[in-house]
Amino acid sequence: MSQLEGYEVPLHRSLTEPILLGGAPRTVAIANGTLAAAIGIGLQLWLAGLVVWLLGHVAAVYAAKRDPQFMTVLTRHLKHKAFLAC
């Protein structure tokens, strides 16, 4: 018995891949860009804003290459309390 009739559904690739902006997760890229814009425009330190954006984006891309769901894992890790003390 290989497959039953009527139990096969086409699944689009876009439903299974994470949403990335420039290689970084969408939420991280937006938050990083907002922080860099606040530093660059709000504090009028445009060079510092560019450095913050570049370093944050490179770190997010590196983390996303290792695990595209790293933000979900990180938020879940921070939410749960430690049960076993070492």
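A short reminder: the numbers here are calculations on the coordinates, not readings from a lab. Since we're looking at a predicted model, the values are computed, not measured. No Cβ is skipped: glycine too gets one built from the backbone with ideal geometry, and neighbour counts run over all protein chains shown.
The angle separating the long axis of helix 46-66 from the principal Cα axis of greatest extent in the chain is about 20 degrees.
Of interest is the spacing of the C-alpha centroids, which for the range 3-23 and the range 43-86 amounts to 27 Å.
Once the Cα atoms of helix 70-79 and of the chain are each reduced to a long axis, what angle between those two axes, in degrees from 0 to 90 to the nearest 10, is obtained? It works out to around 80 degrees.
Helix-derived [θ] at 222 nm for the chain: sum -39500 (n - 2.57) over DSSP H runs of at least 4, divide by residue count, nearest 500? Mean residue ellipticity, 222 nm, calculated: -16000 deg cm²/dmol. Within the chain, the proportion of C-alpha pairs whose separation exceeds 20 Å stands at 56%.
By how many degrees, between 0 and 90 and to the nearest 10, does the Cα long axis of helix 26-37 differ from the longest principal axis of the chain? So the inclination is approximately 10 degrees.
Along the chain, the exposed loop sites are chymotrypsin sites (Phe, Trp or Tyr not before Pro) outside DSSP states H, G, I, E and B with at most 15 other Cβ atoms within 10 Å, and the longest stretch free of them is 8-82.
Close amide H partners of residue 21, meaning residues 5 or more places away or on another chain with modelled amide H under 5 Å apart, are 26. Which part of the range 15-31 falls in the paramagnetic zone of residue 78, meaning amide N under 20 Å from the point 7 Å along Cα-to-beta-carbon? Hits in the range 15-31 for residue 78 at 20 Å: 19-21, 24-31.
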